[in-house]
Amino acid sequence: MLETFYDVMRRQGISRRSFLKYCSLTAAALGLAPEFAGKIAHAMETKPRIPILWLHGLECTCCSESFIRSAHPLAKDVILSMVSLDYDDTIMAAAGQQAEAIIEETIQKYDGNFILAVEGNPPLNQDGMSCIIGGKPFIDQLTHVAKHCKAIISWGSCASYGCVQAAAPNPTKATPVHKVIHDKPIIKVPGCPPIAEVMTAVVTYILTFEKFPELDRQGRPKMFYSQRIHDKCYRRPHFDAGQFVESFDDEGARKGYCLYKVGCKGPTTYNACSTIRWNEGTSFPIQAGHGCIGCSEDGFWDKGSWYARLTDLKPFGVEANADTLGLAAATTVGVAIAAHAAVSAVSRAKANKSNQPVTAKEQGE
């Protein structure tokens, strides 16, 4: 029988007060109301840690690199206390036959009751020989473990959509997980890589509520992928005002104007980058002066240059794109100036005719 999260914390000398504080911070990180802290505490006191097998296919390990940098909660708390991470060939101490034996041991002990986490994807051409794990094609390892798991988490855009490995012409026929596994629930956490706190929050949610968070039609958690980066971007007021960076390091760039015209994909990308941000909430690409490349969207590698601006963007649900929006803003100002000048001219004409002074009200001031 696996220990509960609270059992592990008590064994490590963590006080009850610190435990409850941790639950409150976790609820906040998940975007839950304060009363959910009690539910998280109850879950961690009573439910055993979730066994997880974390497999690696074609990928660059950036998802693991992101995961271990989580601050709320800390990755070490997730790995050592919240879950039982039985297999992850990147961070585990075991290697070779000893490591591969752990997979079979977990399957035998927890058949149908463990989570399969997948980073990367399987190549299907040449009988899968472009990715070999333990002397066998990764596709064989993936399908074998998937038969016995309870559910699957597809970490990153590689597992969720295919990413750079599946970009045209895709010579290895790299394929996202959901296209080879059809009989298990799958939660996609895309991004290249995903935000660290999004990854750990998904694990915390599953542990607390014993179910996946509500998903959108693409299979992504709505709590993190329901809004466009553009919707909460701090540069959004400049977009609305028609103020854009025309080229990198121009005056607009130095003033922090909107990056739409230099290719930012924030208006069509759904993720929490502009709210949760990266490195403990320090920054995100747009804040660093580079437009969003849309890495959490399907097929972003094949959608043209990252620096080509979007076309036919419809802000506010009206038939206008950012170019016409900026033009309209300038035109409105011009019309207002012209109208003010016309009213002033008429007022002066009337005053001259009657030899009476022009009042401020008549001048439109």
| ALA253 to ASP240: extension gain in nm, 0.36 nm per residue of separation minus the Cα-Cα distance? | 3.1 nm
| note | Residues meeting the amide H criterion for GLY57 (H placed from the backbone, H to H distance under 5 Å, 5 or more places apart or on another chain) are GLU119, GLY120, ASN121
| note | Once THR46 and ASP140 are pulled to full extension, the length gained, defined as 0.36 nm per residue separation minus their Cα-Cα distance, is 30.3 nm
| Phi-based couplings in Hz for the range 159-171 (Karplus 6.51, -1.76, 1.60; Gly and Pro marked x) | 6, 7, 10, x, 6, 5, 4, 8, 5, 4, x, 6, x
| Karplus couplings for the range 202-213 from phi (6.51 cos²θ - 1.76 cosθ + 1.60, θ = phi - 60°), rounded to Hz, Gly and Pro as x? | 4, 4, 4, 4, 4, 5, 6, 9, 6, 7, 6, x
| In terms of modelled amide H atoms, which long-range or inter-chain residues lie less than 5 Å from the amide H of THR175? | LEU124
| task | Select from the range 220-318 those chymotrypsin sites (Phe, Trp or Tyr not before Pro) which occupy a DSSP coil region and have at most 15 other Cβ atoms within 10 Å, ordered by residue number. | result | TYR234, PHE248, TYR307
| SER84's amide H: which non-local residues (gap 5+, or another chain) put their own amide H closer than 5 Å, with H modeled 1.01 Å from N in plane and none for Pro or chain starts? | ILE50, ILE52
| field | Three-way shape call for the range 16-166 based on the alpha-carbon gyration tensor, with the a/c threshold at 1.5 | value | prolate
| query | Cβ under 15 Å from SER247's Cβ, SER247 left aside: what net charge do those residues give with Lys, Arg +1 and Asp, Glu -1? | reply | 0
| field | Phi-based couplings in Hz for the range 50-61 (Karplus 6.51, -1.76, 1.60; Gly and Pro marked x) | value | 7, x, 10, 10, 10, 9, 10, x, 6, 6, 10, 6
| query | Packing-wise, with mean Cβ within 10 Å as the measure, how do 291-298, 131-138 rank, highest first? | reply | 291-298, 131-138
| remark: In the structure shown, of LYS39/LYS265; LYS222/LYS265; LYS39/LYS179, the pairs separated by more than 29 angstrom at the C-alpha atoms are LYS39/LYS265; LYS39/LYS179
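Every read-out reported here was derived from the displayed coordinates using simple, explicitly stated rules and does not represent laboratory data. These numbers come from a predicted model, not from an experiment. When we count neighbours, we look across all protein chains shown, and the Cβ atoms used for this are built from the backbone with ideal geometry, even at glycine.
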